[in-house]
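The values are calculated or read from the model by the stated rules, or taken from the named source; none is laboratory data. Worth saying up front: this structure is predicted, and the values here are computed from it rather than measured. Backbone-built Cβ (ideal geometry, glycine too); neighbour counts: all protein chains shown. Protein only, heavy atoms only, side chains kept; ligands, DNA and RNA dropped before computing areas. Shrake-Rupley method; radii C 1.70, N 1.55, O 1.52, S 1.80 Å.
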Amino acid sequence: MAAYRGAISPVELDVRAGEIEALAHGAAVHDLGWLRRVAVRGEDRFRWLSGMVTNTVKDLPPGTGAWNLVLNAQGRIQGDLTVWRDADNLELEMAADQYDRLIAHLDHFIIMDDVELAGVNPVEETALGLTGPKAGEILGRVGLPVLSEPLTQAHAEFEGTPVLVRRGYGVLAEHYAIWIPAAKVGGLWQALAAAGAQPVGFAALEAFRIAEGIPAYGIDMVERDLPQETSQMRALHFSKGCYLGQEIVERIRSRGNVHRHLRSLELEGPLPDPGTKLTVDGVEAGHITSGAELPLPGGARVLALGMIRAEAELRNLPLTYAAGERTGSARVISGAPQL
């Protein structure tokens, strides 16, 4: 057990190769106790929340969600969260290590608005994750709904207990979060494992996240970054109306591109530490934000995310790095790798 995303979670539950295999080709059950939920209440909730996040809120269809960035007035990223709509109810879902900061930031802008932010107690309700291309098969075996589209949700029951099933964004696999009263989470874990899901820890989840090219706030995206620098255009909506930081986002879109971008990389060489410099012909070209070595049947592969300067990317030359006394090379990859 160790700290992960603001909570204590299992690091490993089996050999790493088996955990990666389940995530990439089967189905894996894992802890999501580091997720937090916040209800947004009050008559002004739709208007107010739309003005605080980068993606659509007012036009969000019931039963769906949207991933958002939260910005300051200078357009710098303060965090990320998912907005979920259930009928006319709005809810935020975020990592525990962002909870205090994001709630303080959002609360600061509730001025004359009829809005209340009400957190769901994680001691009373928590979530399990189910990830992998066969996640839907496992859900069906335990009698839970299979969702055909990412960022959709459905209410259901598990052995007479109400649960909320949400399907998140994924590149290589399906990603589900199942919210259930904390007192019942053990039974759900056992049922998913008995149905064929491999228990995995957060170390394998982190490696798989990097392979999918999905950035984590505080690691791959930080406070000084601008939205377009992260290459996460799925978090931006350019016709939703005004929101905090929108002027900067729109200025970048209309006047030109940013000078660096977060990219997925494949490395030949040792696994570098976060922050390791990348160079082209001896000139700094960017840095590694996170990396992982994935033990795969065809041999280990080293994948990473990194912030790359635009001029270096345009030259399309090999990126090099040093890890201790050893050196390696990196190349930008488009899309997710085949594992």
* **Any chance Val146 is under 28 Å from Val15 (Cα atoms), of a type in the set (A, V, I, L, M), modelled with pLDDT of 95 or more and open to solvent by 30 Å² or more (accessible area, probe 1.4 Å)** => no
* Considering only residues of the range 212-233 that are of a type in the set (A, V, I, L, M, F, W, C) and either without any contact (Cβ under 8 Å) to a residue 40 or more places away in the chain or within 18 Å of Tyr176 (Cβ to Cβ) (or both), which is surrounded by the most Cβ atoms within 10 Å (Cβ to Cβ)? -> Ile214
* Just to be sure, is Gly187 touching a Ser or Thr at 6+ places or on another chain (Cβ under 8 Å) and either surrounded by 22 or more Cβ atoms within 10 Å (Cβ to Cβ) or not charged (D, E, K, R) (or both)? -> no
* Matching entry among Val29, Val70 (being β-branched (Val, Ile, Thr), open to solvent by less than 10 Å² (accessible area, probe 1.4 Å) and closer than 22 Å to Val120 by Cα) -> Val70
* Is there any pair with a first residue in the range 323-339 that is touching a residue at least 60 places away in the same chain (Cβ under 8 Å) and a second that is surrounded by 16 or more Cβ atoms within 10 Å (Cβ to Cβ) and among the charged types (D, E, K, R) whose Cβ atoms are under 7 Å apart and which are 6 or more apart or on different chains, and what are they? -> Val332/Arg263; Val332/Glu313; Ala336/Glu212
* Asked: Would you pick out the residues in the range 298-326 that are open to solvent by 30 Å² or more (accessible area, probe 1.4 Å) and over 30 Å from Glu21 (Cβ atoms)?
  -> Arg309, Glu311, Glu313, Leu314, Arg315, Asn316, Leu317, Pro318, Thr320, Ala322, Glu325
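To keep it simple, each residue is scored yes or no on (1) under 17 Å from the mean Cα position of the chain (by Cα); (2) farther than 18 Å from Arg36 by Cα.
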| site | (1), (2) |
| --- | --- |
| Pro133 | no, yes |
| Gly140 | no, yes |
| Leu144 | no, yes |
| Thr152 | yes, no |
| Val185 | no, no |
| Ala193 | no, yes |
* Asked: Within the set of pairs 6 or more residues apart or between chains, which connect a residue that is without any contact (Cβ under 8 Å) to a residue 24 or more places away in the chain inside the range 84-112 to a residue that is surrounded by 21 or more Cβ atoms within 10 Å (Cβ to Cβ) and of a type outside the set (Phe, Trp, Tyr) with Cβ atoms less than 7 Å apart?
  -> Arg101/Gly79
* Give the number of residues within the range 241-263 that are buried (at least 18 other Cβ atoms within 10 Å of the Cβ), assigned to a loop (DSSP other than H, G, I, E, B) and either at pLDDT below 95 or not hydrophobic (A, V, I, L, M, F, W, C) (or both). => 2
* Asked: Does at least one position in the range 113-133 carry a residue that is small (Gly, Ala, Ser), at pLDDT 95 or above and not in a strand (DSSP E or B)?
  -> no
* In the range 265-295, the residues that are over 28 Å from Glu223 (Cβ atoms) and open to solvent by 30 Å² or more (accessible area, probe 1.4 Å) -> Glu268, Gly269, Asp281, Gly282, Glu293, Pro295
* **Criterion violated by Ala173 - all others in (1) closer than 25 Å to Pro122 by Cα; (2) surrounded by 18 or more Cβ atoms within 10 Å (Cβ to Cβ) satisfied** => (1)
* Considering residues of the range 182-223 that are among the acidic types (Asp, Glu) and assigned to a loop (DSSP other than H, G, I, E, B) only, the residue farthest from Ala135 (Cα to Cα) -> Glu223
* Considering Glu137, Glu157, Glu91, which residue is at pLDDT 95 or above, in a helix (DSSP H, G or I) and of a type in the set (Asp, Glu)? -> Glu137
